[in-house]
Amino acid sequence: MGTLDPDKYQELLNAHDELDNVPVRLTRHQAQKCAAIIAAGQDGHTAYAEATVTVAKYLQALALDVLPGISLTEKDGAALWQILEDLPWPAPGPPAQQPT
């Protein structure tokens, strides 16, 4: 299979089906921690750069875990959440300047 035309790719992903409305379980705590990790990565906290990738994998796993037999992730949502839960909450804002 060759490269998919960018417009066709968007059209494919924008197409909806009956599985798009299947609810996933994400608690308020989980949503807040995921948002804090993403914000820390965007603010330049290098310790959270890899964790932002884990957040993306976690959200993808949540979407796929509700569909038995379809999961395409190497770890399920529960395992990925445990990695995120074990991380300390990042400090808000950009990282503090290190003394030179």
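Structure data summary
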item	result
Scope the stretch 16-39; condition surrounded by 14 or more Cβ atoms within 10 Å (Cβ to Cβ) and of a type in the set (Gly, Ala, Ser); matching residues	Ala36, Ala39
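So that you can scan it fast, the table gives a plain yes or no per residue for (1) farther than 18 Å from Leu84 by Cα; (2) more than 14 Å from the chain's Cα centre (by Cα):
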| residue | (1), (2) |
| --- | --- |
| Thr3 | yes, yes |
| Pro6 | yes, yes |
| Leu12 | yes, yes |
| Lys33 | no, no |
| Ala39 | no, no |
| Ala47 | no, yes |
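Bear in mind these aren't lab numbers, they're just calculated from the coordinates by the rules spelled out. Being a predicted model, the structure only gives us computed values, none of them experimental. Neighbour counts are summed over all protein chains in view; Cβ atoms, including those assigned to glycine, are modelled from backbone coordinates with ideal geometry.
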